[in-house]
Amino acid sequence: MPEEKNTEPKKRPWLKIILIAAAAVVVVLGSYAGYVYAVSPAVIRAPKLEHYHFRMQILVNGKAEDFGSQAYQTGYAKDQCNANLPEQPIHFHDNKDQFTHIHWEGMTGGMVMKYYGWNFIGGMDNALGYKLDDLKDIQKVTTHGDYLPEIPKDATFYVYTGNESGYKLRNFDDWKNQDLEQFFGVTSNSPAHDINKNGGEQASLLDSVFPKAYAHGTEDHSSTSTPSANTETEEQKLTRINNLLGNVVIFVQTDKPTDEQIKARFNQLEPLTDSTCGG
């Protein structure tokens, strides 16, 4: 009796290898995508335009860091009063000390410190995370650099907010973790803020009633932009024009600073001007 031939197609080893390799690639890509997502806070993954300022002083063992020095400076588009989202969320520029520019919504004091070299919030080395709002153009949001001085051993962070009239001691974890608007207890007056929070309805209503008074130099800083503008002091006016949330002084040292030392720093705040348009 003739032997029956096996008509089943022969298995192709190379096909199995390709399938295994493809599965491995999918696993690797999935793992990488999960990592990229996990190390990127929501405000970094999908940034929203903001533009406010605060004045920051950091003293390590009594020596004040000079944020006006070239190491901290960032170039910027001179038309940054437009609605384009800047590449960097945090800036110092124009060789000005203290005056910190925030361009992305939701930034925290911890992000500001990490951006310049002190990482108390974990995450990626030398980056705040990945910008994922355009999956065709995923961008790593790198930090500016490691420019803040070395932290002395056994030093404590003493954080104060206030101005020439007074100050109060704050919790370092609040400074590190809270949205800066929450930390300072002040809401940004940037038109972008209303668009982010309210869809722009409030901004549209106000624009129809009052002339705009932006926080930046090329726009009209009308004195009639708010109902109380006629009663504003010059300092209040400049605070509004600059969209200044507040002032923070951070002493990094073993012993608590004296009242005189704290007052001295709040008496050395960078003066406000009526033009801060830019990065």
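So for segment 91-99 (the condition being surrounded by 14 or more Cβ atoms within 10 Å (Cβ to Cβ), under 30 Å from E164 (Cβ atoms), at pLDDT 70 or above and touching a Leu at 6+ places or on another chain (Cβ under 9 Å)), does at least one residue qualify? Yes, segment 91-99 has at least one match.
So for segment 260-275 (the condition being in a helix (DSSP H, G or I), modelled with pLDDT under 90 and either of a type in the set (A, V, I, L, M) or surrounded by fewer than 17 Cβ atoms within 10 Å (Cβ to Cβ) (or both)), does at least one residue qualify? The answer is no, given that none of the residues of segment 260-275 is in a helix (DSSP H, G or I), modelled with pLDDT under 90 and either of a type in the set (A, V, I, L, M) or surrounded by fewer than 17 Cβ atoms within 10 Å (Cβ to Cβ) (or both). For first residues located in segment 93-121 and within 14 Å of V248 (Cβ to Cβ) and in a loop (DSSP other than H, G, I, E, B), partners that are modelled with pLDDT of 95 or more and of a type in the set (K, R) and lie 6+ apart or on another chain with Cβ distances below 7 Å form the pairs Q98/R55. Restricted to segment 136-159, and to residues there that are farther than 15 Å from A42 by Cα and among the aliphatic types (A, V, I, L, M), the residue that is surrounded by the most Cβ atoms within 10 Å (Cβ to Cβ) is V159. Cβ separations smaller than 8 Å between residues 6+ apart or across chains give the following pairs from segment 135-152 residues that are under 16 Å from G123 (Cβ atoms) and without any contact (Cβ under 8 Å) to a residue 60 or more places away in the chain to residues that are among the aromatic types (F, W, Y) and surrounded by 12 or more Cβ atoms within 10 Å (Cβ to Cβ): Q139/Y130; K140/Y130; T143/Y115; T143/Y116; D146/Y116. Kindly check whether there is at least one residue in segment 63-73 that is modelled with pLDDT under 95 and of a type outside the set (A, V, I, L, M). Yes, because at least one residue in segment 63-73 is modelled with pLDDT under 95 and of a type outside the set (A, V, I, L, M). Could you tell me which residue of segment 122-143 is nearest to K48 (Cα to Cα), considering only residues that are touching a Ser or Thr at 6+ places or on another chain (Cβ under 7 Å) and part of a loop (DSSP other than H, G, I, E, B)? Here the answer is L132. Scanning segment 148-182 for residues that are over 17 Å from L269 (Cα atoms), among the acidic types (D, E) and outside any strand (DSSP E or B) returns E150, D154, D173, D174, E181. For segment 182-216, the candidate set comprises residues that are touching a Gly at 6+ places or on another chain (Cβ under 9 Å) and at pLDDT 95 or above; within that set, the residue that is surrounded by the fewest Cβ atoms within 10 Å (Cβ to Cβ) is G185. Candidates in segment 237-259 are the residues that are of a type in the set (V, I, T) and modelled with pLDDT under 95; of these, the one that is farthest from Q182 (Cα to Cα) is I241.
The values are calculated or read from the model by the stated rules, or taken from the named source; none is laboratory data. Keep in mind it's a predicted model, so treat the numbers as computed, not measured. Using ideal geometry, Cβ is built from the backbone for each residue, glycine included, and neighbour counts are taken over all protein chains shown.
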